[in-house]
Amino acid sequence: MTVHITTPTPDKAPPASSVGAVGWLRKNLFSSIPNSIFTILGLLLIYNLVPPAINWAFFTADWVGSTKGDCTSEGACWVFVIVRIRQFLFGFYPPSEYWRVITAFSLVGVLVAWLLIERTPKKGVVAAFTVFCYPIIAYFLFYGGSFGLPVVETHKWGGLMLTLILATIGMFCALPIGIILALGRRSSMPIAKSMSVVFIEFWRGVPLITVLFMSSVMLPIFMPETWQFDKLLRALIGIVFFQSAYMAEVVRGGLQAIPRGQYEAAEALGLSYWKTMFFIILPQALKLVIPGIVNTFIALFKDTTLVLIIGLFDLLAVVQAAFADPKWLGFSVEGYVFVASVYWVSCFSMSRYSQHLEKKLHTGHAR
Amino acid sequence: MTVENAQQATSDEVMVELRNVNKWYGDFHVLKNINLKVTKGERIIICGPSGCGKSTLIRCMNRLEEHQEGDIIVSGITLDDDLKHIDRVRRDIGMVFQQFNLFPHLTVMENCCLAPIWVQKQPRKEAEAIAMKFLERVQIADQAKKFPGQLSGGQQQRVAIARSLCMNPSIMLFDEPTSALDPEMIKEVLDVMVDLAHEGMTMLCVTHEMGFAKTVANRVLFMDAGEIIEENEPNEFFDNPQSDRTKLFLSQIL
Ligand SMILES: Nc1ncnc2c1ncn2[C@@H]1O[C@H](COP(=O)(O)OP(=O)(O)OP(=O)(O)O)[C@@H](O)[C@H]1O
Ligand SMILES: [Mg+2]
């Protein structure tokens, strides 16, 4: 019998080709001939598109002035956007009342930041205030008619302000309604179940444009004069119902992924149905479907542009209307780029926040 | 009936009673004429081949499953469709599952306090103090702030036992509490259960851990095909089985 005695092997540096910039390039961009071809084509494409676009948008663009004549260089004419920025932000809201809109949005900004940032105290109180008091405050600020604030009719609302109102109300309402619908669809009570199924399948089966047309054109025809209510409100209800149907299916996907044992453990501890849902099932299910929820939110945010077809002036509609101004013909590219950037920044922030949330809520259990 | 027997019958409080219980899953007759009386402080082991209805039997006792015929009476309350009855029975019965079923999004402490706070309306401070006491008893107090996903299987099962105990149950049901565990973790869970038995907890336990059965059980029930075939005190049961099916079963597991 032989005895092997091994001396510890000293560490060797890894082969040069696998580390450093060269190693990374070789491994990721030039690992094969097709890969290298794609890399070169991609670089060419980027080289030909990106610098000219940046030049157009920033270095050769015009920023100051007040008329078309001030746009002399060959780049973008941001003067157009800057001159009309108030209209883009507030629509036809009377300028003397802008402060109301700004107050309302600042307040909700502070409240939401309070809730989203970790380690702020009294989250429960702030959440309750946001849900129950803020909508009333916001209503009086936007619409007025009380506390000495003059009424501003909803047809004067427009621009980014209208887009944000539609999107925030849409999200705040679609999520809870969607959760209720999802629970209803999985419930063992036949009435609750069938009502949820009918609601979800109806609203998922019709295009949003149709919903909006019906809300603005058909409802007034069929409903008695005295029942009629605000066009914006009708559109909002349409959007909320439509999106909550989608939300319901997203949430249901999450509910289905929760193992039966969780329900049984909660039941065995004597928790009621609603407490089980609230404390055990929904926190887990919603966490699983954060990507789907944010996806629906982003879709909702962008779908609000469709209200322009029923004559509501959201951001896109206001910008498009400005193209028709004879003093500012020919600046539609700047207008669209501006609108696209606003949407992109908003949607990208939502997407980033959701990724942060997923990481934060991860409690180390793998299924 | 002798005087002695009569006294015995009155002083022994019946905790769980099943009378002619029958249950079907669709056409499948899973429990057949089950009769069982469990008195206070009794420790009963239920064993039998896979699929014979052991889980179903104990899950009927806290209405995780519904039985169709017969009566199940727990602490004097008859289990029927009345949700109040189900509620009261569940407050009196703790249950430990094979797969632990801890709530993965809550810490160990939160797992233990949730039901005391929201079902029994205990103040949070008090609930946490009680939870800590039980976590100490299952020797896992130092993990109170961790999430279940960060614990080993044995630790998770001990947390699950502590979670049930926090509700101050008078009966504990165990459904194969050690069969999802690696061998080296089985003992730590069984030790906790032995402790519990010595303190006089009424226990019904589905398990194939024969050593455990011999140490703590008052009675062993053997089930096959939905029926209780044989019932005996543990040493008799293992050393001197009566029916052929019991003999066959014991020869397979020992
Ligand atoms: N929800 C259900 N629907 C239909 N049949 C079921 C259902 N649950 C269990 N069964 C059947 O009932 C029988 C008894 O199941 P049970 O889970 O009580 O068995 P068990 O004795 O606990 O078995 P094991 O030792 O494998 O856990 C099995 O044959 C099973 O297939
Ligand atoms: Mg079982």
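The values are calculated or read from the model by the stated rules, or taken from the named source; none is laboratory data. This is a predicted model, so every value here is computed, not measured. Ideal geometry is used to build each Cβ from the backbone, glycine not excepted, and the neighbour counts take in all protein chains shown. For the accessible areas, the whole protein counts, side chains as well, though only heavy atoms, and no ligand, DNA or RNA atoms are used. Shrake-Rupley method; radii C 1.70, N 1.55, O 1.52, S 1.80 Å.
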So who's got an amide H within less than 5 Å of the one on A:Y93, skipping anything under 5 residues away but keeping other chains? H placed 1.01 Å off N, in plane. A:G158
Rank by packing, highest mean first: peptides A:234-247, B:219-232, A:177-190, with packing defined as the count of other Cβ atoms within 10 Å averaged across residues. A:234-247, B:219-232, A:177-190
Give me the accessible area buried between chains B and A, both sides summed, with a 1.4 Å probe, in Å² rounded to the nearest 100. 2000 Å²
What is the set of long-range amide H partners of B:T39 at a cut-off below 5 Å, with H atoms built 1.01 Å from backbone N? B:M15
Using a 1.4 angstrom probe on protein heavy atoms only, which residues from the stretch A:267-286 are buried by at least 30 Å² of accessible area when all chains are present rather than their own chain alone? A:E267, A:A268, A:L269, A:G270, A:L271, A:K275, A:F279, A:I280, A:Q284
What is the Cα centroid distance between the stretch B:173-187 and the stretch A:84-120, reported in whole angstrom? 58 Å
Output wanted: per-residue J couplings in Hz (rounded whole) for the stretch B:133-138, from phi through Karplus 6.51 cos²θ - 1.76 cosθ + 1.60, θ = phi - 60°, x for Gly and Pro. 4, 6, 4, 5, 5, 8
Threshold 40 Å², probe 1.4 Å: give the residues of the stretch B:106-139, in number order, that are less accessible with all protein chains present than with their chain alone. B:L114, B:W118, B:V119
Efficiency of FRET from Cβ geometry, A:K359 and B:S170, R₀ 45 Å, rounded to 0.05: 0.55
Length released on extending from A:F92 to A:H4, taking residue separation times 0.36 nm less the Cα-Cα span: 22.8 nm
Given R₀ = 56 Å, what would the calculated FRET efficiency be for A:D230 paired with A:T72, taking r from the Cβ atoms and rounding to 0.05? 0.80
Under 4.7 Å Cβ to Cβ, no partner at all: give me those cysteines from chain A, in residue order. A:C133, A:C173, A:C347
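How big is the dipole moment of the stretch A:58-126 about its Cα centre under a simple scheme where the beta carbon of each Lys and Arg is +1, that of each Asp and Glu is -1, and everything else is neutral? Debye, nearest 20, please.
In total the dipole reaches around 440 debye.
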If you take the square roots of the eigenvalues of the alpha-carbon gyration tensor of the stretch A:121-216 and sort them as a ≥ b ≥ c, do you get rounded (a/c under 1.5), prolate (a/b over b/c) or oblate? oblate
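Summarise the accessible area of the protein assembly as shown (1.4 Å probe, protein heavy atoms) by the percent that is carbon and sulfur. Mind dumping the intermediate values first?
On the way: 20630 of 32910 Å².
Using a 1.4 Å probe with all protein chains present, the protein assembly as shown comes out at 63 percent carbon and sulfur.
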Would you tell me the mean number of C-beta atoms belonging to other protein chains that fall within 10 Å of each C-beta in A:258-265, as a whole number? 5
When the helix-only estimate is applied to chain B (DSSP H runs of n ≥ 4, each -39,500 (n - 2.57), divided by the residue count), what is the mean residue ellipticity at 222 nm, nearest 500 deg cm²/dmol? -12000 deg cm²/dmol
Once fully extended, how much extra length lies between A:W99 and A:M195, figured as 0.36 nm per residue of separation less the alpha-carbon to alpha-carbon distance? 30.2 nm
Which whole-Hz ³J(HN,Hα) couplings does the stretch A:330-340 yield from phi under the Karplus relation 6.51 cos²θ - 1.76 cosθ + 1.60, θ = phi - 60°, glycine and proline marked x? x, 10, 5, 4, 4, x, 5, 4, 4, 4, 4
Compute the accessible area per residue over chain B, keeping the other protein chains in place, probe 1.4 Å, unit Å². 46 Å²
Inter-chain shielding of B:97-103 (mean C-beta neighbours from other protein chains, 10 Å cut-off): 5
With the full set of protein chains present, the residues of the stretch B:60-89 whose 1.4 Å probe accessible area falls by 40 Å² or more relative to the chain alone are B:L64
Simple spin-label estimate for B:D71/A:L44, 7 Å along Cα→Cβ, in nm, reads 8.9 nm
Relative contact order of chain A, please, whole-number percent, based on alpha carbon pairs below 8 angstrom and at least 6 residues apart. 17 percent
For the stretch B:50-58, 3J(HN,Hα) per residue [Karplus equation, 6.51 cos²θ - 1.76 cosθ + 1.60, θ = phi - 60°, Hz, x = Gly/Pro]: 4, x, 7, x, 5, 4, 4, 4, 6
For A:116-128, A:326-338, ranked highest to lowest by mean beta-carbon neighbours within 10 Å, the order is A:326-338, A:116-128
Computed for chain B: size of charge dipole around the Cα centre, +1 on C-beta of each Lys and Arg, -1 on C-beta of each Asp and Glu, debye to nearest 20, value 800 debye
Once you have a ≥ b ≥ c as the square roots of the Cα gyration tensor eigenvalues for the stretch B:42-90, tell me rounded if a/c is under 1.5, and otherwise prolate or oblate according to whether a/b is larger than b/c. prolate
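Heavy-atom accessible area per residue, chain A, 1.4 Å probe: how many Å²?
Values: 21310 Å² over 367 residues.
Spelled out: the 1.4 Å probe surface of chain A, per residue, equals 58 Å².
From the Cα gyration tensor of chain A, with a ≥ b ≥ c the square roots of its eigenvalues, which class applies: rounded if a/c is under 1.5, or else prolate if a/b is larger than b/c, or else oblate? Intermediate values should be presented prior to the final figure.
On the way: a/c = 2.11, a/b = 1.15, b/c = 1.84.
Here chain A falls in the oblate category.
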Can you pick out the pairs among B:K125/B:K146; B:K23/B:K247; A:K122/B:K125; B:K84/B:K121; A:K231/A:K302 whose Cα atoms lie more than 22 Å from each other? B:K23/B:K247
For B:M95, other-chain or 5+-apart residues with amide H closer than 5 Å (H placed, Pro excluded) are B:L173
What is the spin-label model distance, in nm, from A:I85 to A:N28 if the labels are put 7 Å beyond Cα along the C-beta direction? 3.7 nm
